[in-house]
Amino acid sequence: MSAGGAADQTAPRSPLDAIDAGLAERLLAAALGSGGDYADLYFEHRSGADFVLEDGRIRTVGRGVTLGLGVRVLRGDATGYAYTEELSEDRMLEAARTAAQIASSGAAPGAIDIRPVKLAHRYPVTEPSLARPGVDKVALLRRADAAARAFDPRVVRVEASLAEEQREVLVVTSDGHLARDSQPMMRFGVSAVAEEGEGASRQRQVGRSGGAARFGMEFFARPGQSPEEHGREAARLAIGMLHAVEAPAGPMEVVLGAGESGILLHEAVGHGLEADFNRKRTSNYADRIGQNVASPLCTVVDDGTLDNARGTINVDDEGNPGQRNVLIENGVLVGYMQDRLSSKHFTTKPSGNGRRQSFRHEPLPRMTNTFLAPGQDDPEDIIKSVKHGVYAKRFAGGQVNISNGDFVFALTESYLIEDGKLTAPLKGTNLIGNGPDVLRKVTMLGADFELSQGTWTCGKDGQSVPVGIGTPTMKIAEITVGGTKTR
Amino acid sequence: MSTTTTTAKLGGRRLPDPKECQHLAEQMLSLALKGGADGAEVLVRDGTELEVKVRLGETELIKEAGSRALGLRVLKDDRAAVTYTSDFTPSALERFARESVELAALAEPDPNGDLPSPDEMAREVPDLDLWDESVLSLDVAEGIRRARAGEDAALKVDKRVTNSEGAIFGRTVGAAA
């Protein structure tokens, strides 16, 4: 079956083409054969390849294919789930009957009228990468390697990697919806190690640059995304860290740079806005719709519609179109990110946030591209306004306690701000605080929005999904900086 | 080491069989060599999983499935490629073996990446009594009972424990070769 989604006339025939309406109806009928409110079928065909260059040599080349079906049955808040890699009708019916065991009322399901869902095309690929020869990808890695080494003689080691994937999904639901989508992902990364000095005073630091987005080979033609630019950036970060000073410690003003600071928003606020945590009342945002939860400067959005972005989806993994959702508006909590199960509980519409890692996993409310909308301030004025503080530019990632929003993040690029100017690069900087508290303490919000181009992956309940993050430059009145140098 | 036979059942499902995995692995080895590889390593895994989630005493999730996958590393002229597949149809396996060998040509020779010599390989695999037969009796009902018992005990520790994210019980049975 094909419907909605981007249809590429030159693509080879997909195994998902063999799934016809009659088969889908029989499987859904088997899934609902013991009762239940709803059932869906999730077919996934994924093929990918990866290449790693290390110490000037192509060390690893890899390729893989997975194909399977996940069947889900819902009865109230309960889920029955089964999956199979064997797409014979017998095995698929067996999976449907296994998923059906969550229900037991024995009610016979009615006929299902299957109709395609009309979808947007947010990642049409003009240069599909999997069909291109491997030597073309190896060439990209060599270019990054050469650029990183040429940047500075202190660069002693370089590793570059490329991973490409095409994921095809077909969702058919007992509500009669059918959605088919082809989702590309290109990921590129370079890491450089710089070394200086001898013996006891030898310094070694690593720098990384890379990104991921829904493109084919055209990924590399974009400004800032060529192999050379990533190679030079990785080298620049490594060299910069050689003379970094210890980060200060204690509560102080922090300026969060545009783009990567969005990880703080994602972890410390975003997860708390997923509907399942609020249904279970384990989130600190539970029962607070309509209340003021942040500074009036703050509007938090989860948007699955941004063209080619890593977190973008034409359709979520339950067959609902990706959409733009305002979650906090001018400081007031207005909504949660919903999957189908949560949306029934909250008697609201699904929001296009029902995502799964693969056909082996049941959907959960997940983020897509999550960001803080820009404000009015000039980013330069924001830095100038700080007498003593830290400018946070790049993040390694972090952890959060969603029940209260407490977080810890490690920074991979940060600078001391002294009398309104960026001075020394810092090492060993951590930000320790509380998400909702940070949103209340936003005192300046830049007009310069940036969506990070980085490779961000969100983990929840053992399931990973690709996501996007972003913010404008912003000033936080106070965050505790974890460093080793006391004033 | 498994003491079960190939006809053993696991709550109605076919029990993963190490001999079947071995047969598939040997088949892939021969396909890889026929496809032009100088050497190859194969790992076949076959497993069945059960996961049950309970919250505040109510069943929230029952998940059950079987899964099979094959990983292959081929060597040709000291160059290696690592590939995986879950498509076990005969034509797919043959194509997979051939394409893996072609892929190796892109890598660069690594003299340290060769296979161990035959005399370095294990001859006897001791039976360390790692297989617990009672896993066969862990079905959905038993999983729910155990998850509920765990969550119940946590909620009863103190009256200040007022909520729960849920309790999960999971069981996997697998064979590999």
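Within the stretch A:166-193, track down each residue that is of a type in the set (S, T, N, Q) and either in contact with a helix residue (DSSP H, G or I) (Cβ under 9 Å, 6 or more places away or on another chain) or surrounded by fewer than 20 Cβ atoms within 10 Å (Cβ to Cβ) (or both).
A:T173, A:S174, A:S191
Kindly evaluate A:E228 against the criterion of being touching a residue at least 40 places away in the same chain (Cβ under 8 Å) and out of contact with any strand residue (DSSP E or B) (no Cβ under 9 Å at 6 or more places or on another chain).
yes
Could you list all residues from the stretch A:51-74 that are of a type in the set (K, R), in contact with a strand residue (DSSP E or B) (Cβ under 9 Å, 6 or more places away or on another chain) and facing another protein chain (nearest Cβ under 9 Å)?
Answer for the stretch A:51-74, where residues must be of a type in the set (K, R), in contact with a strand residue (DSSP E or B) (Cβ under 9 Å, 6 or more places away or on another chain) and facing another protein chain (nearest Cβ under 9 Å): A:R59, A:R63.
Just name the residue that is nearest to A:R355 (Cα to Cα) out of those in the stretch A:194-203 that are open to solvent by 30 Å² or more (accessible area, probe 1.4 Å) and at pLDDT 95 or above.
Here the answer is A:E195.
Against the conditions (1) open to solvent by less than 80 Å² (accessible area, probe 1.4 Å); (2) without any contact (Cβ under 8 Å) to a residue 12 or more places away in the chain; (3) within 11 Å of chain B (Cβ to nearest Cβ), where does A:V135 fall short? Just the number, please.
(1)
Of the residues that sit in the stretch B:52-87 and are facing chain A (nearest Cβ under 8 Å) and assigned to a loop (DSSP other than H, G, I, E, B), which one is surrounded by the fewest Cβ atoms within 10 Å (Cβ to Cβ)?
Here the answer is B:S86.
Where the second residue is open to solvent by 50 Å² or more (accessible area, probe 1.4 Å) and polar (S, T, N, Q) and the first is touching a residue at least 40 places away in the same chain (Cβ under 8 Å) and more than 7 Å from chain B (Cβ to nearest Cβ) and lies in the stretch A:75-102, which pairs have Cβ atoms under 6 Å and are six or more apart or on separate chains?
Going by the 6 Å Cβ cut-off, there are no qualifying pairs.
When the residues of the stretch A:358-404 are narrowed to those that are within 28 Å of A:E233 (Cα to Cα) and among the aromatic types (F, W, Y), which ends up farthest from the chain's Cα centre (by Cα)?
The qualifying residue farthest from the chain's Cα centre (by Cα) is A:Y391.
Within the stretch A:123-141, does at least one residue satisfy the condition of being of a type in the set (S, T, N, Q), within 24 Å of the chain's Cα centre (by Cα) and in a loop (DSSP other than H, G, I, E, B)?
Taking every residue of the stretch A:123-141 in turn, at least one turns out to be of a type in the set (S, T, N, Q), within 24 Å of the chain's Cα centre (by Cα) and in a loop (DSSP other than H, G, I, E, B).
Just to be sure before I move on: is B:V173 within 14 Å of another protein chain (Cβ to nearest Cβ), surrounded by 17 or more Cβ atoms within 10 Å (Cβ to Cβ) and closer than 19 Å to B:R14 by Cβ in the structure I sent?
no
Are there helices (runs of 4 or more DSSP H) fully within the stretch A:214-333 with at least 3 residues that are more than 14 Å from chain B (Cβ to nearest Cβ)? List them.
Fully inside the stretch A:214-333 and qualifying: A:227-242, A:262-265.
For the stretch A:381-409, which residues satisfy the criterion of being in a strand (DSSP E or B), open to solvent by 10 Å² or more (accessible area, probe 1.4 Å) and closer than 28 Å to A:A286 by Cα?
Of everything in the stretch A:381-409, those that are in a strand (DSSP E or B), open to solvent by 10 Å² or more (accessible area, probe 1.4 Å) and closer than 28 Å to A:A286 by Cα turn out to be A:G397, A:G398, A:Q399, A:V400, A:N401, A:D406, A:V408.
Across the stretch A:79-90, what is the total count of residues that are over 18 Å from B:A92 (Cβ atoms) and within 27 Å of the chain's Cα centre (by Cα)?
Final tally of qualifying residues: 5.
Counting just the residues of the stretch B:21-51 that are surrounded by fewer than 17 Cβ atoms within 10 Å (Cβ to Cβ) and in a helix (DSSP H, G or I), which one comes out nearest to the other protein chains (Cβ to nearest Cβ)?
B:H23
Suppose the filter is away from chain B (no Cβ under 14 Å) and modelled with pLDDT under 95; does A:P109 pass it?
Taking the combined requirement at face value, the residue satisfies it.
The values are calculated or read from the model by the stated rules, or taken from the named source; none is laboratory data. A quick note: this is a predicted structure, and the numbers were derived from the prediction, not measured. Neighbour counts are summed over all protein chains in view; Cβ atoms, including those assigned to glycine, are modelled from backbone coordinates with ideal geometry. Heads up: the accessible areas ignore ligands, DNA and RNA and are worked out on the full protein's heavy atoms, side chains in. Shrake-Rupley method; radii C 1.70, N 1.55, O 1.52, S 1.80 Å.
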